[in-house]
Amino acid sequence: MQPNVETSVPVGDEVKTTTCYMCACRCGIKVHLKDGTVRYIEGNRNHPVNRGVICGKGAAGIMQHYSPARLSAPLLRVGSRGSGEFKEITWEEALKTAAQWLEEVRNRDPKKLAFFTGRDQSQSLTGLWAIQYGTPNYAAHGGFCSVNMAAAGLYTFGGSFWEFGDPDWEHTRYFMMFGVAEDHASNPIKIGIGKLKNRGAKFVSVNPVRTGYTAIADEWVGIKPGTDGLFVGALIHELIKARKIDIDYQVRYTNAAWLVIQNEGGDDDGLFARDKQGNPLAYDQISKKLKNAELPDITPALNGEFELADGRKAVPALQLLVERFLDERYSPDSVSDETGVAADDIRRIAAELAHAAFEEEVVLDIPWTDWAGRKHDKMIGRPVSMHAMRGISAHSNGFHTCRLIHILQILLGSIDCPGGFRYKSPYPKQTPPWLKPYGKPGQVAPREPLGGPHLGFPTGPEDLLVDEDHQPQRIDKAFSWDAPLAAHGMMHMVISNAAKGDPYPIDVLFMYMANMGWNSSMNVPDTLEHLTAKDPKTGEYKIPKIIYSDAYYSETVPYADLILPDTTYLERWDCISLLDRPISEADGPADSIRQPVVEPDRNVRPFQEVLIDLGARLNLPAFVNENGSPKYPGGYPDYMINHERKPGMGPLAGWRGEDGKSIGKGKPNPRQLEKYIENDCFWFHELEPHQKYFKHANKGYLDFAVSMGFRLSPTRVVFQLYLETLQKFRLAAEGHGTTVPPAHHRERIKTFFDPLPFWYPPFEGTMLDESEFPLYAITQRPMHMYHSWGSQNAWLRQITAQNRLYMSRTRAETLGIKDDDWIWISSHIGRVKAQVRTMEGVNPDTVWTWNAIGKRRGAWMLDSDAPEATQGFLLNHLIAELLPQRGGGYRYSNSDPVTGQAAWYDLRVRIKKASGEEAGETYPMFEPIHSPLDSDLPDVLRFGAQFKDDHSGTGMRR
Ligand code: SF4
């Protein structure tokens, strides 16, 4: 019997609720304050995301808040870029300067502003601001992180993992996790895995490295990086061979039966056959006629060749998919060597998947009605669920690999059913998505807002942002022939392209919370050169003006000209909105806020307030009234309550309407934020039982989604086994249509825009001599850190202050390397020096390290001999932002060819033991950066002693 221990004893004089921001999970927290000082942070048991669970990062938020690296006043550069020489200025001077720089560009050519943000949680505001400004050059960090995952999911089934959807933790019997590092996601996954363990469900982790979640999996599949798609293809091969796919599910929810025109060389080859109204056609086996495939009462053929009215031939999409994966190329024996997974294991896992899906189905006695009005008395589910993240995404074959994982889920019939994957509102969205990117020639004009969003989902070459000469219209070349479906932009190319003036120079680079001078860039040495490069004729910087907002003195700060210091997450209002990336759960939509729990003690302002202020100064229509006065004089809270994206729809969905009784839509409620605070800073609406599953085709849910403004119409979502969008690009590459790629892009588009998913080897490995670079090199994230924020935190640094290069013990022995040796890690663009730690749980061809531990000397107010700077290292220094030159001289970015996702997990290296003289310190060692902050800091950072009677306590050296 467990003793009943009171674990939530107040330790201060006040407790305030808010939302954690020590990672992206956005757990609810309770902050205990004593005499106005943060004393303790605990998880909020009422909160739908974490149910009281707090992780090490969340609890250590205190040290993030009291970090000595916090910026304390607006700064203007006075020395050369990178010198760290700034002078303090007033906010009025800072805002006036920023507005002047921005206004001048907006009056002349708004695209000369590039506005990029990191892992911030206010993209609906930053995106709106950029639309109003009129630049096409806006994105957050998704192109660096996981756009392959998001784009493949949204194009295929209108959803994705993590913030978009979850496994059905309550019912799943078999859970497969692919390429997930420990911070993506954190508490929600831990809680979910705990549930699986309690119920005895099987957990299989596919990951080259056995750490974190993988260490507690029932089975570890130690795959070679970048070969997951081949492994999944082999699982599909086995399932099809064994006829273990859910055929009814394919007919009901997918485009399996839609007929694909077979007309090689024709301009319609590979497109869906359609009737005069544009409806896709299927062959109805009862009437023996071609019929509208969308009709619910047909019995469509899933194989065979059929003749269209004009004599053309067509076959069902599923037949093409089956033919592809029945091919010997995808047999377990064929893929075993390349993936490093034994053929028998692949066969066994396929059989286990089939067993869980078809022999252990979950039946819930919940009647529901489908999109066509058909009533079902039960909800029947296939209890197999999956989760994947950056390890799959950050490869040049990531888009198709992510699609393969989703196709596997669909073939098993496990999307949004009991025991399977479950969407979180506002998902599912329409497939393919209907939102198009803006920024074509003619859509960008001085002093004019952009007509629509920057980031969208092209469904054909006509949606690309290119001019008549095929030139990209965005600075990062997103939505050009380089990366047509770049739905999150390509942040990793901004600095390099801007410095080279390719496709054009910019005037102002505006960044928020994006450490693009260090761990949010590939090829850091070149990035720093780009940031400081000058035009030899004028002597001016090639990127003339850089404005940066951050809360901390990161490696990027010294490279900016104007610093707008942000607050910490405990000092500001924030809005985690359904217009953006909300905290919804599978059981219902949710959103949340942050409220300031302490007042800033420095001359800093929340970036959101600053952006709203700049919007008004620039006269951007959404930020001013008709008379030109500021529309949100009360700042961000004013905006959160009163901004309406569409009539009645604002940033927050809860307590809307003048009486506060509406959800989703309703007039602004002046008491809305009070209601959120009364409810622990979140709003959650639990769906009715009949709305909770099959949301893609459930009339009850679809009607609700329309009422909430999540969807425009209650039409069902059709899963795209066969993605016609890609075939349209391929036809263009064959010369069909009015928008065709230039000659040097054609082969690439033809190859990679395959409407059926397929596997190909990651690019970097195929372009290099494998014997010269025999090892894969990847990063993982420690459970206790998030991006570069964590490794400045005095408490979290006590867990990890130096990253090592981890490698297989047996492989190390063959190279004469042992624990603690210093080694050189070389890629085709450079080398870094690191210390080794050997281990068992890693694929023998793979080396890995923790990401973003390595810091530059002088940054983050760490001591100049801090282990992060002297012994820690960054793998980014070795990752090229461009692929090696190909025939014709064109250099593509080191990215996925479909989405432009940065392929930083494609890295190949060799390692060599360093000599005795070389041991002891990392390389490259950049010049220490000078900091304008108070350098008179104690050597040891302590916190909490003041709360004890004897003022004792331990601390951590900076
Ligand atoms: S999982 Fe992330 S959001 Fe939740 S408590 Fe930990 S750091 Fe905070």
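The values are calculated or read from the model by the stated rules, or taken from the named source; none is laboratory data. No experiment lies behind these values; they were computed from the predicted model shown. Note that we place each Cβ from the backbone using ideal geometry, even for glycine, and neighbour counts take in every protein chain shown.
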- [ ] Would you list the helices (runs of 4 or more DSSP H) that sit entirely within segment 310-397 and hold 1 or more residues that are farther than 15 Å from THR227 by Cα?
- [x] 317-326, 343-359
Open item on the list: Quick check on SER124: is it in contact (Cβ under 8 Å) with a residue 24 or more places away in the chain and outside any helix (DSSP H, G or I)?
Closed with: no
TODO: Tell me, yes or no, whether segment 67-88 has at least one residue that is in contact with a Ser or Thr (Cβ under 6 Å, 6 or more places away or on another chain), within 16 Å of the ligand (Cβ to nearest atom) and either touching a residue at least 24 places away in the same chain (Cβ under 8 Å) or not hydroxyl-bearing (Ser, Thr, Tyr) (or both).
DONE: no
Open item on the list: Need a quick list: strands (runs of 3 or more DSSP E) entirely within segment 1-66 having at least 2 residues that are within 10 Å of the ligand (Cβ to nearest atom).
Closed with: 28-34, 37-43
Open item on the list: Any residue that is surrounded by fewer than 23 Cβ atoms within 10 Å (Cβ to Cβ), modelled with pLDDT of 95 or more, of a type in the set (Phe, Trp, Tyr) and farther than 25 Å from THR135 by Cα - is there at least one of those in segment 686-702?
Closed with: no
Open item on the list: Out of GLY381, GLY420, GLY398, GLY391, I need the residue that is in contact with a strand residue (DSSP E or B) (Cβ under 9 Å, 6 or more places away or on another chain) and within 30 Å of ALA880 (Cα to Cα). Which one?
Closed with: GLY391
Open item on the list: Filter segment 752-800 down to the residues that are more than 16 Å from the ligand (Cβ to nearest atom), surrounded by 24 or more Cβ atoms within 10 Å (Cβ to Cβ) and among the charged types (D, E, K, R) and list them by number.
Closed with: GLU764
- [ ] Give segment 841-855 a look and list any residue that's surrounded by 24 or more Cβ atoms within 10 Å (Cβ to Cβ) and in a loop (DSSP other than H, G, I, E, B), or say none.
- [x] ASN843, ASN851, ALA852, ILE853, GLY854, LYS855
TODO: Of all residues in segment 321-344, count the ones that are in contact with a Gly (Cβ under 9 Å, 6 or more places away or on another chain) and either aromatic (Phe, Trp, Tyr) or closer than 24 Å to TYR253 by Cα (or both).
DONE: 3
Open item on the list: Can you find a residue that is under 25 Å from the mean Cα position of the chain (by Cα), more than 28 Å from ARG312 (Cβ to Cβ) and among the aromatic types (Phe, Trp, Tyr) anywhere in segment 196-215?
Closed with: yes
- [ ] Inspect all residues belonging to segment 518-527 and state whether any of them is touching a helix residue (DSSP H, G or I) at 6+ places or on another chain (Cβ under 9 Å), surrounded by fewer than 23 Cβ atoms within 10 Å (Cβ to Cβ) and at negative phi.
- [x] yes
Open item on the list: Can you say whether ALA356 is among the small types (Gly, Ala, Ser), in contact with a Pro (Cβ under 7 Å, 6 or more places away or on another chain), buried (at least 16 other Cβ atoms within 10 Å of the Cβ) and within 27 Å of GLU219 (Cβ to Cβ), as far as the supplied structure shows?
Closed with: yes
Open item on the list: Can you list residue pairs whose Cβ atoms sit under 7 Å apart, with the first residue in segment 926-943 being under 21 Å from THR870 (Cα atoms) and the second being in a strand (DSSP E or B)? Count only pairs 6 or more apart in sequence or on different chains.
Closed with: ASP939/ARG957; VAL940/GLY955; VAL940/MET956; VAL940/ARG957; LEU941/GLY955; LEU941/MET956
Open item on the list: Which condition from (1) in contact (Cβ under 8 Å) with a residue 24 or more places away in the chain; (2) out of contact with any Cys (no Cβ under 9 Å at 6 or more places or on another chain) is the one that GLY28 breaks?
Closed with: (2)
Open item on the list: Please determine whether any residue of segment 93-108 is in a loop (DSSP other than H, G, I, E, B) and modelled with pLDDT of 95 or more.
Closed with: no
- [ ] From TRP162, TRP258, grab the single residue that is more than 25 Å from the chain's Cα centre (by Cα) and within 28 Å of PRO432 (Cα to Cα).
- [x] TRP258
Task: Residues of segment 43-52 classified as within 20 Å of GLU6 (Cβ to Cβ) and crowded, with 21+ Cβ neighbours inside 10 Å, total - done: 4
- [ ] State whether the residues of segment 859-882 include one that is farther than 25 Å from TRP822 by Cα and surrounded by 22 or more Cβ atoms within 10 Å (Cβ to Cβ).
- [x] yes
TODO: Just give me the residues in segment 214-237 being surrounded by fewer than 23 Cβ atoms within 10 Å (Cβ to Cβ) and more than 21 Å from ARG908 (Cα to Cα), in sequence order.
DONE: ALA215, ILE216, ALA217, ASP218, GLU219, TRP220
Task: Filter result (more than 22 Å from the chain's Cα centre (by Cα), among the aliphatic types (A, V, I, L, M) and assigned to a loop (DSSP other than H, G, I, E, B)) within segment 398-448 - done: LEU412, VAL444, ALA445
Open item on the list: Anything in segment 217-234 that is more than 20 Å from THR846 (Cβ to Cβ) and within 26 Å of the chain's Cα centre (by Cα)? List them, or say none.
Closed with: GLY233
Open item on the list: Can you report the number of residues in segment 479-515 which are under 21 Å from the mean Cα position of the chain (by Cα) and within 20 Å of PRO742 (Cα to Cα)?
Closed with: 7
